[in-house]
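See below for the structure under consideration.
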Amino acid sequence: MRAALDAGARGYLFPRPAGLPAPTSDDVPDEPGPRWPHGVAPVVPVETADGIGSHLSAREVQIVQLVADGRNNSEIGRVLGVSPLTVKSHLSRISGRLRVTDRAQIVLLALRARVIR
């Protein structure tokens with residue numbers, strides 16, 4: 001964690017311990033605010049498809065978990081209280097950051113990083 005913060009990370013999340021339920025939309029605000037120290041949402045380190053370090057926000061982890069559960073964009077939007085286009089935008093940003101081209105690859109990298117179950 002110290003190395004990530006020293007390298008410029010603005011936050012850090014540890015992998016979810018076994019048995020701890022996945023976060024819900026009530027756990028993560030849409031915008032950083034008073035629930036996050038200094039208005040900065042935590043991030044989860046994830047390695048990209050080509051081995052470069054990257055990260056996912058807590059909201060992105062929620063979305064990836066719902067993708068892994070087999071939900072489509074409309075279903076994810078209903079669960080999180082956002083439009084399917086917002087979900088699509090999140091997934092596009094996640095794909096670009098992780099340097100992958102499809103949902104299955106996103107889920108694979110998140111599973112490898114142990115940020116979803």
Are any of the residues in the stretch 73-88 surrounded by 18 or more Cβ atoms within 10 Å (Cβ to Cβ), polar (S, T, N, Q) and over 14 Å from Arg103 (Cβ atoms)? no
On the basis of being under 27 Å from Ala7 (Cβ atoms), at pLDDT below 80 and either surrounded by 13 or more Cβ atoms within 10 Å (Cβ to Cβ) or of a type in the set (Lys, Arg) (or both), does Val100 make the cut? no
Among what's in the stretch 75-114 and is touching a residue at least 12 places away in the same chain (Cβ under 8 Å) and in contact with a Pro (Cβ under 8 Å, 6 or more places away or on another chain), pick the residue that is farthest from Ser54 (Cα to Cα). Ile76
Say we look at the stretch 47-67 and pick out the residues that are among the small types (Gly, Ala, Ser) and assigned to a strand (DSSP E or B); which of these is surrounded by the most Cβ atoms within 10 Å (Cβ to Cβ)? Ser57
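The values are calculated or read from the model by the stated rules, or taken from the named source; none is laboratory data. Source: prediction; values computed, not measured. No Cβ is skipped: glycine too gets one built from the backbone with ideal geometry, and neighbour counts run over all protein chains shown.
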